[in-house]
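A short write-up of the structure that comes next.
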Amino acid sequence: MTQPANSELHVPAARSPHRQVLDNGIVLLVTPNFTADIIAARLFMRSGSAWEQEHNAGLLNLLASLLTKGTEKYSSLEIAEQVESVGAGLGTDAATDYLLLSLKTVSSDFEPLLQLASDILRSPTFPESEIELERQLTLQSIRSQKEQPLSLAFDALRRSLYGDHPYALSALGTETSVASLTRDDLLACHQQHFRPDNLVVSISGRIEPGEAKARVEAILGDWQAPPTPLSALELPEVTSSPSTVQLAQQTHQAIIMLGHLAPAVHDVHYAPMKLINTYLGNGMSSRLFVELREKQGLAYEISTFFPTRLHAAPFGAYMGTAPENAVKARDGLCQEVKRLSDVRLSDEELEATRNKLLGQYVLGKQTNSQIAQIYGWYETLNLGIDFDERFQAQVQAVTSEAIQATAQAYFAEPYLSFVGPEETLEQLIA
C-alpha cells in the first residue's frame, strides 16, 4: 500500500548532516531527506535540570511547559490554533542536560512554523494564570509518582547515588520547590539560558542546507547574544557512598533496585557499559530476564537502565517480585550484575549483544524526527555529529575483556533501594 505524502514511517534515504555556525552563534545542523514531504526540527537549549538546586528543582520543567502558553504576539489558544490548523506538531521538553522545542510539518508550512517557534523561544510571557495551572498539573504528577513503587524506588536510588549533585533531583522537582517557583524565577531563567549562542537547531527532511540556512537566518538571524558571556555550569563532585534505602508501602509486589555510578558519555567506558546494559536487561532475551524470570520465576518485571549523560550517569537494575521471594530476588539480582566482573562474555554472547544494540540504534534513526533529534542531541552534548559513526565503531571494537574491565571499574558494592510491605523490608535488611 502506498504511504501518504506526509508519512514518516520509513525514511531510509537521509544524507549526511551539514554543520555550520551562524554569525549570532546558533549551531545549525541540516540533514537533507527527500523521501517524504516532511521537515522535522529540534531546537536545543544547552540547559536542563542539571542547572537546578534543591530550592528551585523543577524550574526548567515548568518553564518548558509554559513556553507555548503565550508570547508577546500570541495567546496560548492562538499558538494551538496555528499548529493544529496545518496538522503540524509542536512541543517542548526539559531533560537533565538540555531543554527542547520540537516541531514537525509538511515542507510548505515549515517557514511559518519556524517563525512561531522563534517567537516561543524568544518572547514567552509566562501568564500568571497559566503558571498556576501548570504548577498544579506538575504537583499532581509529583504526587502520582509517590504512589508508584517503581518511581519511589528510583527516586530514592537517585538521591543515594548523587547526594548534593543536581542529578539527584527529579526533573519535575519536589512539591516544596515547585510551589515556591515564581514568574520572576521563570523570567530570570529564560534570560540566563535563552540566547542564540546557547542554541542548536537540528533540521531533517525535504530541505537543502543552503535553503535551511537562509530560512533560519531570516527568522533567527537578528537574535543577538547579550554582551555577558554564557554562564558556566559548575557541578559538585559526587561523593556519596553505597547505601541501602527502604520505603514501606503496602503493595502486592516488592521492588528491588540496585544502582552504580556509571560513565559519562565522553568516557572510554561508555560503549562497553551500553553493551552491558543491553546484555543484562534489554528485552526478553537479556540475561536477567532469562535467568531470574524465566528460569527461576522470581520477577514479574525486570530490566536495566543506563541513560546517556554529560556527567556521571546512573546504571540501574530492577525487578518487581512477590514479597515472599524478595530476599532470593535481591541476592540473584546482585549476583548477576556482579558476575560480569568475574566472568567474561563468550564470543557468541558478545556478538549477539552487539548486534542487538546496533540494530536498535539503527531503528532509532528512521524518521526525520529521530534524525533531527539524535544529531542535535550529540551537538548539545559536545560530541559532534560524527559521534554517530564513532559510537558504532566503538561498539564494534569492544571486546569481552573491555566489558569485564568496565564491570570491575564500576560494579563494586551496589547502592540498593527497596519498596514493599514493611515485613518484607525487615527480611531484606535482616
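The values are calculated or read from the model by the stated rules, or taken from the named source; none is laboratory data. Here the structure is a predicted model, which means the values were calculated and not measured. Cβ atoms come from the backbone with ideal geometry, glycine included; neighbour counts cover every protein chain shown.
Side notes on the structure shown:
- When the stretch 186-214 is filtered for residues that are assigned to a loop (DSSP other than H, G, I, E, B) and under 18 Å from PRO227 (Cα atoms), the ones remaining, listed by number, are PHE194, ARG195.
- Tally, over the stretch 15-71, of residues that are in contact (Cβ under 8 Å) with a residue 60 or more places away in the chain, part of a loop (DSSP other than H, G, I, E, B), over 14 Å from LEU100 (Cβ atoms) and of a type in the set (Lys, Arg): 1
- Flag for LEU139 being of a type in the set (A, V, I, L, M), in a helix (DSSP H, G or I) and touching a residue at least 60 places away in the same chain (Cβ under 8 Å): no
- Counted residues, the stretch 77-113 - those being surrounded by 17 or more Cβ atoms within 10 Å (Cβ to Cβ) and under 30 Å from PRO166 (Cβ atoms): 12
- Close pairs (7 angstrom Cβ cut-off, 6 or more residues apart or separate chains): of a type in the set (S, T, N, Q) in the stretch 180-197, not in a helix (DSSP H, G or I) anywhere: GLN192/SER231
- Test for GLY48: is it surrounded by 23 or more Cβ atoms within 10 Å (Cβ to Cβ), of a type in the set (Gly, Ala, Ser) and either touching a strand residue (DSSP E or B) at 6+ places or on another chain (Cβ under 7 Å) or closer than 28 Å to GLU128 by Cβ (or both): yes
- Selected residue [touching a Phe, Trp or Tyr at 6+ places or on another chain (Cβ under 6 Å), at pLDDT 95 or above, within 22 Å of ASP97 (Cα to Cα) and surrounded by 15 or more Cβ atoms within 10 Å (Cβ to Cβ)] from SER151, SER160: SER160
- In this entry, SER400 is excluded by the filter for residues that are within 20 Å of the chain's Cα centre (by Cα) and of a type in the set (Gly, Ala, Ser).
- Some residue of the stretch 65-74 being modelled with pLDDT of 95 or more and among the hydrophobic types (A, V, I, L, M, F, W, C): yes
- Number of the exception - LYS295 against (1) basic (Lys, Arg); (2) farther than 29 Å from TRP51 by Cβ; (3) within 19 Å of the chain's Cα centre (by Cα): (3)
- Which listed residue, of GLN335, GLN373, GLN360, is surrounded by fewer than 15 Cβ atoms within 10 Å (Cβ to Cβ), part of a helix (DSSP H, G or I), in contact (Cβ under 8 Å) with a residue 60 or more places away in the chain and not assigned by TED's automatic domain parsing to the domain that holds ASP97: GLN360
- Every pair of residues 6+ apart whose Cβ atoms lie under 9 Å, when the first sits in the stretch 147-165 and is outside any helix (DSSP H, G or I) while the second is among the charged types (D, E, K, R) and at pLDDT 95 or above: ASP164/GLU54
- Looking at THR367, THR353, just one residue is within 22 Å of VAL268 (Cβ to Cβ), not assigned by TED's automatic domain parsing to the domain that holds THR105 and not acidic (Asp, Glu), and that residue is THR353.
- Qualifying residue in the stretch 78-91 (condition: assigned by TED's automatic domain parsing to the domain that holds PRO166, farther than 18 Å from ILE203 by Cβ and β-branched (Val, Ile, Thr)): yes
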